[in-house]
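The structure appears right after this line, and notes come after that.
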Amino acid sequence: MEEFKNSDKGRVTIYSIQGCPHCMQAKAIVKRLGVPICVVDLNEHPELQLPVQKLTGRITVPQIFFNNQYIGGHEKLQKLSPQELEKLVKMVKEEPLTGPALPLPDGKQSQDATLGANRDEKQIACEKDDMADTVAQLKDGNLIGTQRKGLTLYKKSFSKDQLLAWLEIDKGKDRSQALNIGQGLLLKKYMVVARGELDDTFEAASGDTLYRLLEDDPHSALNAGQTASCAPIKAAELSSHLRELILKLFSEHLSGDGKSVDYNGMSANPEFQRYTDLAIQLQRVELLSLSREETLAFFINIYNALVIHGYIRVGAPTNFWQRYRFFNYVSYLIGGEVFTLQDIENGVLRANRKGVAQLRRPFSKTDPRLQLALKDVEPLIHFALNCGAKGCPPIKTYTPQNIDKQLRTAAEGFLENDDACVVDSGKKEVRLSQIFKWYKVDFGGTDENLLQWVLKHMSDSPKKISLKGVLADGKAKVSYLPYDWSSNGRH
């Protein structure tokens with residue numbers, strides 16, 4: 001494919017990120033014009049984010065240039081009159097690029113290509129765990145079944161005595177070896193207590209204590225049903241790779257006009273099987289040693305991936321009751337415990353606060369998952385979590401090394417949009433996304449604190465100047481914009 005430089009023939013340059021519907025819509029419009037296109041992925045090239053921001057005054061994407069003439073985002077492109085668009089197209093086709101060079105990696109780009117999209121994908125090595133074969137043999141034996149204790153049936157379970165007998169008689173282990181294997185299965189989270197004392201070691205447990213394999217989760221977690229046979233993978237690496245895989249799938253099945261996602265097509269894609277195989281390894285990932293930054297990045301990435309996985313497996317919710325069920329029941333097994341979307345958002349990332357329509361905190365004082373909850377609420381997470389609706393922030397992948405900067409950027413970008421924040425200087429009114437109403441307590445609890453938080457987290461822009469003016473004039477009115485809950489899915 002022919003390469004051209006800034007001084008060569010004209011083109012339209014679109015600054016974008018992978019999986020951005022508005023970026024896809026802008027690209028679809030420009031493609032119909034029959035002009036050369038250069039698409040630069042700012043997630044793949046974060047070093048260009050600041051130069052582009054300085055050039056445009058905006059953090060959000062897409063940002064569009066016809067030659068060196070700045071147009072704006074997708075909305076501005078749509079609002080161009082036919083005469084204006086015709087003039088711009090003529091300029092690109094007939095005039096070479098002149099003036100200051102636009103920010104590009106290495107100063108060049110291939111025609112109609114997306115930088116970074118064809119890079120070599122990092123593969124995660126799966127080193128087989130030394131107990132995986134024992135688990136496979138246990139599953140093939142006649143050990144696992146339904147146990148009755150009183151009036152309660154425990155499906156897919158087995159007792160301590162049954163496990164010891166199987167290890168000693170069928171596998172030829174002595175008593176000490178059998179006890180060590182039982183303890184190893186517990187410590188490595190291959191099996192969990194189904195009935196009995198949770199704090200006991202395997203050796204100290206009574207003979208009728210019931211166990212089940214972790215993968216036989218009765219809550220229908222989306223990554224249950226198969227053994228996590230790899231040696232535990234580092235949490236940050238695993239979540240980042242899962243997020244990249246699902247984001248790549250999302251992008252591939254986003255319609256050409258960027259308006260809908262073919263979730264059925266995603267489900268049939270062989271790459272989705274690769275994703276689900278890797279998601280199984282979340283079952284035994286080590287979480288207790290994570291720092292605040294690692295916890296934020298890990299659970300934001302997993303939440304965003306789980307939403308898409310949930311859409312594929314159970315469908316997109318279309319009303320309040322379906323949304324309630326979706327966020328309270330769609331789950332993954334992570335580090336030996338079940339985490340629903342609500343558990344991740346409100347239990348971990350919101351420091352165990354009650355969520356919308358919840359009567360109690362997600363984690364009780366005795367819940368082992370409470371150890372993973374952040375010590376303090378981080379309000380910026382609300383602009384990183386993608387709920388799958390069209391009104392949510394665009395999906396991204398987050399890294400522990402840059403998480404605070406990335407979250408700040410997500411908030412600034414969110415507040416740039418008029419479907420998130422509108423300042424009406426004449427009426428002294430600020431209209432905000434419903435997110436600020438639902439989670440007002442996270443932003444200070446009062447209108448005054450909320451508006452000061454918004455002001456502090458805005459990028460320098462005319463909107464910020466307007467908000468400063470409204471606040472300086474006295475008490476401002478706060479109202480809330482409609483929220484678009486419609487699904488982006490198509491079948």
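Here, each number is a calculation from the coordinates, and none is a lab measurement. Only a predicted model underlies this, so the values are computations on that prediction, with no experimental measurement involved. Glycine also receives a Cβ, built like all others from the backbone with ideal geometry; neighbour counts cover every protein chain displayed.
Out of the DSSP beta bridges found with both residues in the chain, what percent are antiparallel (nearest 5)?
Numbers: 31 of 43 bridges.
Taking every DSSP beta bridge with both residues in the chain, the antiparallel ones total about 70 percent.
Taking the Cα-to-Cβ direction at residue 365 and at residue 124 and moving 7 Å from each Cα, how far apart do the two end points lie in nm?
The modelled label-to-label distance comes out at 3.6 nm.
Show me the trypsin sites (Lys or Arg not before Pro) within region 214-317 that DSSP assigns to loop and that have at most 15 other Cβ atoms within 10 Å of their Cβ. If you can, show how the numbers build up before the last one.
Working: sites: 234, 243, 248, 259, 274, 284, 292, 313; in loops: 234, 259.
Qualifying residues, ordered by number: 234, 259.
With N residues in region 298-342, what two-decimal value do you get for its Cα radius of gyration over 2.2 N^0.38 Å?
Details: Rg = 10.4 Å, N = 45, 2.2 N^0.38 = 9.3 Å.
Here the Cα radius of gyration is 1.11 times the empirical estimate.
Shape call for region 235-401 from the C-alpha gyration tensor, a ≥ b ≥ c root eigenvalues: rounded (a/c under 1.5), prolate (a/b greater than b/c) or oblate? Mind dumping the intermediate values first?
Numbers: a/c = 1.69, a/b = 1.35, b/c = 1.25.
It is prolate, given that a/c is not under 1.5 and a/b is the larger ratio.
Using a 7 Å offset from Cα along Cα-Cβ at residue 358, what residues in region 419-445 end up with backbone N under 18 Å from the label point?
Under cut-off, by backbone N: 435-445.
Would you mind checking the tilt of helix 320-329 against the longest principal axis of the Cα atoms of the chain, expressed as 0 to 90 degrees and rounded to 10?
The angle comes out at about 50 degrees.
Please go through region 1-107 and write out the trypsin sites (Lys or Arg not before Pro) that DSSP classes as loop and that have at most 12 other C-beta atoms within 10 Å. List each step's numbers first, then the result.
Working: sites: 5, 9, 11, 27, 31, 32, 54, 58, 76, 79, 87, 90, 93; in loops: 9, 11, 58.
Answer by residue number: there is no such site.
Let me know the longest stretch in the chain that avoids all GluC sites (Glu not before Pro) found in a DSSP loop with at most 15 other C-beta atoms within 10 Å.
On the way: sites that count: 2, 121, 127, 197, 203, 286.
The longest uninterrupted stretch comes out as 287-491.
For helix 403-416, report the angle its Cα long axis makes with the longest principal axis of the Cα atoms of the chain; keep it between 0 and 90° and round to the nearest 10°.
50 degrees
Compute the FRET efficiency between residue 328 and residue 255 as 1/(1 + (r/R0)^6), taking r as their Cβ-Cβ distance and R0 = 25 Å, and round to the nearest 0.05. Could you put the intermediate results ahead of the total?
Details: r = 30 Å, r/R0 = 1.18.
That pair, residue 328 with residue 255, gives E of 0.25.
What's the magnitude of the charge dipole for the chain around its Cα centre, counting Lys and Arg as +1 and Asp and Glu as -1 at the beta-carbon? Answer in Debye, nearest 20. Before the final figure, lay out the partial values.
Numbers: 64 positive and 61 negative charges, 316 e Å.
Here the size comes out at about 1520 debye.
Tell me, 470, 40, 314 in order of fewest to most beta-carbon neighbours within 10 Å?
Numbers: 470 22, 40 25, 314 15.
Fewest-to-most Cβ neighbours within 10 Å comes out as 314, 470, 40.
Give me the distance in nm between label points sitting 7 Å out from Cα along the Cα-to-Cβ direction at residue 271 and residue 137, one decimal.
Going by the 7 Å Cα→Cβ label model, 4.0 nm.
Hey, fewest Cβ within 10 Å first, where do 23, 421 land in order?
Details: 23 28, 421 20.
Least crowded to most crowded, the residues run 421, 23.
Could you work out the local net charge near residue 60, counting Lys and Arg as +1, Asp and Glu as -1, over the other residues with Cβ closer than 13 Å to its Cβ?
Working: positive: 58, 76, 396, 463; negative: 75, 412, 416, 418, 419.
Charge balance in the 13 Å sphere: -1.
Can you give the extra length, in nm with one decimal, that the chain gains between residue 180 and residue 484 once fully stretched, where that is 0.36 nm per residue apart less the Cα-Cα distance?
Details: separation 304, 0.36 × 304 = 109.44 nm, distance 5.45 nm.
Working it through step by step, the gained length comes to 104.0 nm.
Residue 219 versus residue 201, label points 7 Å from Cα toward the beta carbon: distance in nm?
In this crude spin-label approximation the distance works out to 2.9 nm.
Consider all pairwise Cα distances in region 123-200 and report the whole-number % of them above 16 Å.
On the way: 1663 of 3003 pairs.
Result for the distance tail: 55 percent.
Could you work out Rg/(2.2 N^0.38 Å) for region 408-490, with Rg from alpha carbons only?
Values: Rg = 12.9 Å, N = 83, 2.2 N^0.38 = 11.8 Å.
Compared with the compact-globule rule of thumb, region 408-490 sits at 1.09.
May I ask you to sort 13, 98 by Cβ crowding, counting other Cβ atoms within 10 Å and putting the fewest first? If you can, show how the numbers build up before the last one.
Values: 13 27, 98 11.
Placing the least packed residue first, the sequence is 98, 13.
Over all alpha-carbon pairs of region 409-448, lay out the pair-distance distribution in 5 Å bins, whole %, shortest bin first.
6, 21, 26, 29, 16, 2
Strictly greater than 23 Å: what percent of every Cα pair in region 173-293 meets that? Walk me through the numbers before you get to the answer.
Values: 3512 of 7260 pairs.
Pairs farther apart than 23 Å: 48 percent.
Which value in deg cm²/dmol, rounded to the nearest 500, describes the helix-derived mean residue ellipticity at 222 nm for the chain, given -39,500 (n - 2.57) per DSSP H run of n ≥ 4 and division by the residue count?
-10500 deg cm²/dmol
log₁₀ I(q)/I(0) of the chain at q = 0.10 Å⁻¹, via Debye over equal Cα point scatterers, no solvent, to two decimals?
Ignoring solvent entirely, the Cα scatterers give -0.84.
Could you give the angle, 0 to 90 degrees to the nearest 10, between helix 82-94's Cα long axis and the longest principal axis of the Cα atoms of the chain?
90 degrees
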